[in-house]
1. Exactly one of these conditions fails for Met105: (1) at negative phi; (2) modelled with pLDDT of 95 or more. Give me its number.
2. For Glu48, indicate whether it is at pLDDT below 95, charged (D, E, K, R), outside any strand (DSSP E or B) and touching a helix residue (DSSP H, G or I) at 6+ places or on another chain (Cβ under 7 Å).
3. Step by step: first the residues of the stretch 51-79, then only those that are over 16 Å from Glu25 (Cα atoms) and in a loop (DSSP other than H, G, I, E, B), then the one that is modelled with the highest pLDDT. Which residue is that?
4. Quick one: how many residues across the stretch 121-135 are outside any strand (DSSP E or B) and within 13 Å of Glu106 (Cβ to Cβ)?
Amino acid sequence: MAPETNLILCPVNLRHLETHYRAYEESVAMARRRGAKLIVATVAPEMERNLNIRDSKAYWSEQLEKFVKAHPAEGVETETIVRLGAVHRQIVKLAEERKVDVVVMESANPKVKDYLLGTTASHVVTHATCSVYVVRR
């Protein structure tokens, strides 16, 4: 028998959401089918490149709330979380802290440098203690 899914984590990159949010759509559909709660999270850099952003966590919290409001997850209980730090580490850490059942995330098509350095998705797949569902763009 397949394990029950109660909590799904969907990390989103708010810098690329204009065209890429298939993983979010997939995570909403999965949460609906399984009656699970959805955590929509983003990871902001500790040091912003844009000097106009004074409070990174507050800024990205507002952006994440706007995204979720613009793309409502009808019939799904959702929670939003913003973390600061290295994206790949924060996703794994959040999944472990919250005892997530599955992470649903996007992965870009690999490039040569990805094979050498590793992608965020490959790090999460390798280090997460839960299942990871990777959605290709």
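The values are calculated or read from the model by the stated rules, or taken from the named source; none is laboratory data. Just so it is clear, the structure is predicted and the values come from calculations on it, not from any experiment. Please note: Cβ atoms are built from the backbone with ideal geometry, for glycine as well, and neighbour counts cover all protein chains shown.
1. Going through the list (1) at negative phi; (2) modelled with pLDDT of 95 or more, Met105 breaks only (2).
2. Judged against the criteria, Glu48 is a match.
3. Per the criteria, the residue is Asp55.
4. 4
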